[in-house]
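Colleague: Take this structure first; my questions come after.
The values are calculated or read from the model by the stated rules, or taken from the named source; none is laboratory data. From a predicted model like this one, the values you see are computed outputs, not experimental measurements. Note that each Cβ is placed from the backbone with ideal geometry, even for glycine, and that neighbours are counted across all protein chains shown.
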């Protein structure tokens with residue numbers, strides 16, 4: 001087979017990299033997120049023969065996407081807001097007492113700063129934060145903004161809790177939102193898995209630029225991401241070792257569909273001794289096609305008495 005022809009004689013098709021891939025051996029081809037590759041052979045469901053800048057090799061098909069120039073839903077809004085229109089996710093979030101109680105305590109302890117102010121609760125969901133503001137802080141008005149169908153239920157919850165004189169529900173996206181005027185405070189629970197997953201932070205920043213008054217407040221106003229090495233042998237056995245030889249079959253390819261949460265498991269446990277120093281970096285990259293998704297690449301080195309080398313692992317995060 002010629003390098004510029006597919007196995008069936010068709011011309012190569014262009015795909016874009018969804019995440020970084022580091023080749024293991026001369027037959028594989030390394031590429032980065034956003035790279036445009038020419039794929040010549042897709043006869044295997046798992047590994048395709050591709051070219052990048054004159055270099056050829058096998059690449060994992062699940063790391064590639066064929067961009068459609070007519071794609072209009074890179075944000076997957078129908079799926080995204082559809083999920084938040086069901087009670088399942090809201091039950092999960094409201095059941096997270098440390099999260100919800102943290103917002104209640106912040107509003108309670110800063111009630112004087114909110115008194116007589118106009119507050120926007122962006123992505124309000126069931127409106128719990130809006131209700132906290134209305135009941136604990138005596139604001140002039142609360143604009144509860146929710147793009148999903150949950151907004152219909154939020155309006156009823158506002159009435160049932162006697163806050164309809166203060167809280168107004170707006171069913172709209174931040175990008176299309178029209179309000180009576182600018183606000184003094186924007187409060188939002190925008191953090192996703194690994195902080196940035198779903199990228200709601202962009203909607204919050206857009207709302208800030210359009211609707212926050214000069215000198216207004218953002219809650220929260222900053223965030224940090226902390227990485228800690230840990231032991232998770234039980235999870236490793238369930239989610240990694242299981243796929244190696246179930247029923248005598250090789251399912252190791254599926255060891256990569258488990259990275260939505262914030263526990264990132266390596267291909268194999270890494271042993272460290274007391275006194276070892278772990279040095280590394282973490283890089284978060286937005287998916288070049290699906291705008292709410294991302295990939296996370298860890299690079300690390302363990303400085304010990306033995307010869308050490310930098311290791312790298314990429315974790316694609318998508319639904």
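Colleague: Given the conditions (1) at pLDDT below 90; (2) closer than 30 Å to residue 219 by Cα; (3) part of a helix (DSSP H, G or I), which single one is not true for residue 74?
Modeller: If we test residue 74 against (1) at pLDDT below 90; (2) closer than 30 Å to residue 219 by Cα; (3) part of a helix (DSSP H, G or I), just (3) comes out false.
Residue-wise test of (1) modelled with pLDDT of 90 or more; (2) in contact with a strand residue (DSSP E or B) (Cβ under 7 Å, 6 or more places away or on another chain); (3) more than 17 Å from residue 314 (Cα to Cα).
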site	(1), (2), (3)
11	no, no, yes
26	yes, no, yes
31	yes, yes, no
36	yes, yes, yes
39	yes, yes, yes
49	yes, yes, yes
53	yes, no, yes
59	yes, yes, no
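Colleague: Still on this structure: Please go through the range 50-65 and give me each residue that is more than 14 Å from residue 14 (Cβ to Cβ) and not in a helix (DSSP H, G or I), ordered by number.
Modeller: 54, 55, 56, 57, 58, 60
Colleague: To continue, here is another question. Scan the range 164-180 and report the pairs whose first residue is without any contact (Cβ under 8 Å) to a residue 24 or more places away in the chain and whose second residue is in a loop (DSSP other than H, G, I, E, B), with Cβ atoms within less than 8 Å and a gap of 6+ or a chain change.
Modeller: 178/172
Colleague: Residue 216 - would you say it is farther than 22 Å from residue 264 by Cβ and loosely packed, with under 11 Cβ neighbours inside 10 Å?
Modeller: For residue 216, the condition - farther than 22 Å from residue 264 by Cβ and loosely packed, with under 11 Cβ neighbours inside 10 Å - is not met.
Colleague: What single numbered condition from (1) surrounded by 11 or more Cβ atoms within 10 Å (Cβ to Cβ); (2) at pLDDT 85 or above; (3) assigned to a loop (DSSP other than H, G, I, E, B) fails to hold for residue 289?
Modeller: (2)
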